[in-house]
1. Residues that are more than 18 Å from Ala118 (Cβ to Cβ) and open to solvent by less than 30 Å² (accessible area, probe 1.4 Å): which strands (runs of 3 or more DSSP E) entirely in the range 133-209 hold 2 or more of them?
2. Before we move on, is Gly155 closer than 21 Å to Pro87 by Cβ and without any contact (Cβ under 8 Å) to a residue 12 or more places away in the chain?
3. Which numbered condition trips up Ser119, out of (1) small (Gly, Ala, Ser); (2) over 20 Å from the mean Cα position of the chain (by Cα); (3) in a loop (DSSP other than H, G, I, E, B)?
4. Does the range 155-165 include one or more residues that are closer than 20 Å to Ser60 by Cα and modelled with pLDDT of 95 or more?
5. Go through Thr49, Thr98 for me and flag whichever is open to solvent by 30 Å² or more (accessible area, probe 1.4 Å) and at pLDDT below 95.
6. Which of the following residues is surrounded by 21 or more Cβ atoms within 10 Å (Cβ to Cβ) and outside any loop (DSSP other than H, G, I, E, B): Phe90, Phe109?
7. Please list, ordered by first then second residue, the pairs with beta carbon atoms under 9 Å, 6 or more apart or interchain, first in the range 81-103 and closer than 27 Å to Glu199 by Cα, second open to solvent by 50 Å² or more (accessible area, probe 1.4 Å) and part of a helix (DSSP H, G or I).
8. Which condition number in (1) open to solvent by 30 Å² or more (accessible area, probe 1.4 Å); (2) touching a Phe, Trp or Tyr at 6+ places or on another chain (Cβ under 8 Å) is the one that Leu120 fails?
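The values are calculated or read from the model by the stated rules, or taken from the named source; none is laboratory data. Computed from a predicted model, the values in this text were never measured in an experiment. Because the Cβ atoms are built from the backbone with ideal geometry, glycine has one as well, and the counts that use them run over all protein chains shown. Note: accessible area is taken over every heavy atom of the protein model, side chains too, but ligands, DNA and RNA are not part of it. Shrake-Rupley method; radii C 1.70, N 1.55, O 1.52, S 1.80 Å.
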Amino acid sequence: MTESSHLHGLSKSAEAHVLPVQLPPPRRAKAGSAVISPPKIDDDRAPRTRRRQEVDDVASLIRGQEYPVNVDYNGWALQDFDDTQVPVLFPEGFESGTFLTAHPGRLDFYSAGHTHTASLTVEIWDGEPAVPAGEWDETAPAGIVCSSGKLRARGVAAGPMPEAIELSDGPGVWTVRVVCTGREAASAQTQHGVVHGVERYNAQFWPNA
């Protein structure tokens, strides 16, 4: 018997005693050096094909600055720095008693105090931020088209204030959320004289996508 037939005979006779071979689990296929994995599944059983913005995207503060605002006759406004782009200039059409009213190119505010200097903090964000922490007497959203990229605060009788409030370096459409506190104190204290920084506003601006 040749060696080959001998081996063949052994394999035949031993065939009944050979245990099944346990194959290893299939390896992930490779494309170049990257391993291709099966798609991850979210809780809603849908493949996770993109990042979920509501979870992962967080608005970032670009800059913030505080400005004094001269309030008179319970009113003031933020208006496009370029008056020629505002169809109706403040205070025409000012609505007494309404906290925030939006007009083309301007935002009008009704203050709780007659004549005083309020504090205004302006924040520029790259997306919608959370409401500022704290307790607020008033809060309201609005939108504004700013052709110059800058705003300027104005009083009812005092007119425009000198400092420019920078939103961007060009025209833009903005959403704004304004919150305010100190209104009760401003209402009471301005009956006895001019006060400073009692009524405080925080205006959060972000691009209207």
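1. Ranges flagged: 138-146, 172-181.
2. For Gly155, the condition - closer than 21 Å to Pro87 by Cβ and without any contact (Cβ under 8 Å) to a residue 12 or more places away in the chain - is not met.
3. Only one criterion is unmet by Ser119, namely (3).
4. Among the residues of the range 155-165, at least one is closer than 20 Å to Ser60 by Cα and modelled with pLDDT of 95 or more, which makes the answer yes.
5. Testing whether each residue is open to solvent by 30 Å² or more (accessible area, probe 1.4 Å) and at pLDDT below 95 leaves just Thr49.
6. Result of the check over Phe90, Phe109: Phe109.
7. Note: pairs meeting the criteria are Leu89/Asp83.
8. (1)
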